[in-house]
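Working notes, structure below.
The values are calculated or read from the model by the stated rules, or taken from the named source; none is laboratory data. None of these values were measured; they are calculated from a predicted model. Positions of Cβ are generated from backbone atoms using ideal geometry, with glycine treated the same way; all protein chains shown enter the neighbour counts.
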Amino acid sequence: MFRTIRAKFAVGFFLIFSLSFLVLNLAVDQYIQRSNQKLIASDLIGLKNNSSVYVRQAFLINHYSNNDSYFGQMAEEMVNDLRRATSNDVSAYTVDGRLLYASDPLRFMDKPDEDFRLATEGKAAYTLMHRDSLGTVLFSYPVVVDGVKVGILRFSKDFSTLYEQSSQIRRLIFYIAIAIFAVAFLFSYLLSRHIAVPLVQLTRASTAVIQGNLDVRLSFRRKDEIGRLTNNFNVMIAQISKQIATIARDRDRLKMLNAQEKRFFDNVTHELKTPLTSILGYAEIIRENGESDKAFFVKGMRHIVEESRRLHSMVLNLLEVSRGSVGKVEAEPVELNTLLHDVCETMEMRAQRYKKHIRLALEPDLKVDGQADRLRQLFINLLDNAIKYSDPYSEIEVSARREALAVHFMFSNVGDTVPPDKLANVFKPFYAGERTAVEEGSIGLGLSIVKSIVEEHGGSIRMESVDRRTTVFVEIPEAEGGAMP
């Protein structure tokens, strides 16, 4: 029913103060009643003593014996004297309870007579009658002279002043208690609000955190436990945000590493395929022709040995990479004429299998600073790509020339025109376009490898495709000290 702390505080304080208020009023009422009874009893004892002295003196002055008949003879005078002396109504009775005289008979008629009955039995007693601030006491006691009971005196004493004072005290205490209750309840409400409001905001903030909002922060300028709890909450959320950001970065980095690893193995697969294809092609032709064509046999064996060595070098490099110990290979001058001529001669066999031909045009003494194996890989990939996507019985043009301190290469083939919107993506990894002649098993890594090799050598690469002719232009800085045109 009461689910909030503020409600629990309010109900709890209300019950505590209500119970305390009730107990306080009962205790005050009991105390006032006991005090009034003590005052009444003390006053009546004095009244009894004084009136008893008066009766004994009256008996002595008039030389009466201690006979109840003499008590009856002096009853009227005695009652009037006691009334004047005590300012209370008085009535006198015989020892058996017969009324002798009363200052005001109406004061004693139709009133409780328990005190009078006890007086006839020889005891002093009183009956208290009060309502609100009005209070009257009927006090009766047997008159004893020289050890003999001669009659009964009964007084009607008004204690309204005492009860009026008691009522005023009760009202004063009641109003003071009400004021204290109101102040205490207001203080408890403010205290509960002072405690509950931050807790409510903490609850809302924690709910927002559960729902994924880590930007929530709390600000309470307090130096108590609530303030420290707020600071701890903010620090905790900041730590959680940092941890989540770290986890996100690690996740993205792991994805990137996984992608790099996949790309690495895809590159390895692609790079190993070309020398194996060349070796397999020459080996099959040599097996078919044997040594009948001595020149081709020597040429084929030379290519098989060179490609095998390159393949061996690539495997060693892969082992170094897998151990993380591969270092940066220093660039050295590379003779491009011989390198490009050997590559074209090697790829010519592959082109012939597809009824195509490679035509090479080179300027003399072309050199660049770089890595021969990586440049060989560059040229093989470009020729391989041109062979795959050129028309049957077509000619693939390859040229290299020196211009503006750089060597410019061109690889051109006739085939389907590449749409302009596809040209921007051809050098991205795994992009194979929508060509129908894509080689089985190709995953679109060749040109991305080509681009990375060109960039390693500080060059640039671009592709054009117009009127069914696709041309790749490569520019690599010339080796230092190279021949000028």
Exception for SER91 within (1) closer than 15 Å to LEU44 by Cβ; (2) modelled with pLDDT of 90 or more falls at (1)
Would you be able to tell me the number of residues in the stretch 34-49 that are surrounded by fewer than 13 Cβ atoms within 10 Å (Cβ to Cβ) and either of a type in the set (S, T, N, Q) or in contact with a strand residue (DSSP E or B) (Cβ under 6 Å, 6 or more places away or on another chain) (or both)? 3
Could you tell me whether any residue of the stretch 104-116 is surrounded by fewer than 14 Cβ atoms within 10 Å (Cβ to Cβ), in the same structural domain as VAL148 (by TED's automatic domain parsing), in contact with a strand residue (DSSP E or B) (Cβ under 6 Å, 6 or more places away or on another chain) and modelled with pLDDT under 85? yes
Quick one: in the stretch 343-385, which of the residues that are surrounded by fewer than 17 Cβ atoms within 10 Å (Cβ to Cβ) and of a type in the set (Lys, Arg) is modelled with the highest pLDDT? ARG359
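Just wondering, is there one or more residues in the stretch 139-150 that are of a type outside the set (Val, Ile, Thr), at pLDDT 85 or above, surrounded by fewer than 17 Cβ atoms within 10 Å (Cβ to Cβ) and within 17 Å of MET74 (Cβ to Cβ)?
yes
Give SER188, SER219, SER167, SER192 a once-over and let me know the one that is touching an Asp or Glu at 6+ places or on another chain (Cβ under 9 Å) and not β-branched (Val, Ile, Thr). Working first, answer last.
Working: SER188 fails: touching an Asp or Glu at 6+ places or on another chain (Cβ under 9 Å); SER219 fails: touching an Asp or Glu at 6+ places or on another chain (Cβ under 9 Å); SER192 fails: touching an Asp or Glu at 6+ places or on another chain (Cβ under 9 Å).
Every option except SER167 fails the conditions.
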Hey, VAL95 hits all of (1) touching a residue at least 60 places away in the same chain (Cβ under 8 Å); (2) more than 30 Å from LEU19 (Cα to Cα) but one; which does it fall short on? (1)
Taking the stretch 298-329 and keeping only residues that are under 16 Å from PHE265 (Cβ atoms) and modelled with pLDDT of 60 or more, one is left with MET314, VAL315, LEU318, LEU319
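Is it the case, given these coordinates, that ILE244 is over 26 Å from ALA7 (Cα atoms) and either loosely packed, with under 15 Cβ neighbours inside 10 Å or of a type in the set (A, V, I, L, M, F, W, C) (or both)? Spell out the reasoning first.
Numbers: over 26 Å from ALA7 (Cα atoms): yes; either loosely packed, with under 15 Cβ neighbours inside 10 Å or of a type in the set (A, V, I, L, M, F, W, C) (or both): yes.
Against the criterion (over 26 Å from ALA7 (Cα atoms) and either loosely packed, with under 15 Cβ neighbours inside 10 Å or of a type in the set (A, V, I, L, M, F, W, C) (or both)), ILE244 qualifies.
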Report, by residue number, each residue of the stretch 163-183 that is of a type in the set (A, V, I, L, M, F, W, C) and in contact with a helix residue (DSSP H, G or I) (Cβ under 6 Å, 6 or more places away or on another chain). ILE173, ALA177, PHE181
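Sort through VAL268, VAL183, VAL235, VAL216 and tell me the only one that's assigned to a helix (DSSP H, G or I), modelled with pLDDT under 80 and not basic (Lys, Arg). Walk me through how you get there before you give the answer.
On the way: VAL183 fails: modelled with pLDDT under 80; VAL235 fails: modelled with pLDDT under 80; VAL216 fails: assigned to a helix (DSSP H, G or I).
Being assigned to a helix (DSSP H, G or I), modelled with pLDDT under 80 and not basic (Lys, Arg) holds for just one of VAL268, VAL183, VAL235, VAL216, which is VAL268.
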Considering only the stretch 462-482, how many residues are in a strand (DSSP E or B) and within 24 Å of PRO364 (Cβ to Cβ)? 8
Residues to consider are ASN413, ASN385; find the one that is closer than 18 Å to SER465 by Cα and within 60 Å of the chain's Cα centre (by Cα). ASN385
Select, from ASP89, ASP96, ASP132, ASP113, the only residue that is more than 30 Å from ASP29 (Cβ to Cβ) and charged (D, E, K, R). ASP96
Pair list, Cβ < 6 Å and 6+ apart or interchain, from the stretch 290-311 residues that are in contact (Cβ under 8 Å) with a residue 60 or more places away in the chain to residues that are surrounded by 11 or more Cβ atoms within 10 Å (Cβ to Cβ): ARG310/PRO275
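Would you confirm, using the coordinates I've provided, whether LYS428 is closer than 24 Å to VAL268 by Cα and without any contact (Cβ under 8 Å) to a residue 24 or more places away in the chain?
Values: closer than 24 Å to VAL268 by Cα: yes; without any contact (Cβ under 8 Å) to a residue 24 or more places away in the chain: yes.
Yes, satisfied.
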Could you count how many residues in the stretch 384-409 are in contact with a strand residue (DSSP E or B) (Cβ under 8 Å, 6 or more places away or on another chain) and under 21 Å from PRO364 (Cβ atoms)? 11
Which condition from (1) under 18 Å from the mean Cα position of the chain (by Cα); (2) under 30 Å from HIS194 (Cα atoms); (3) not β-branched (Val, Ile, Thr) is the one that ARG222 breaks? (1)
Go through the stretch 84-131 and give me each residue that's touching a Gly at 6+ places or on another chain (Cβ under 8 Å) and either farther than 22 Å from GLY72 by Cβ or in a loop (DSSP other than H, G, I, E, B) (or both). THR94, VAL95, LEU128, MET129
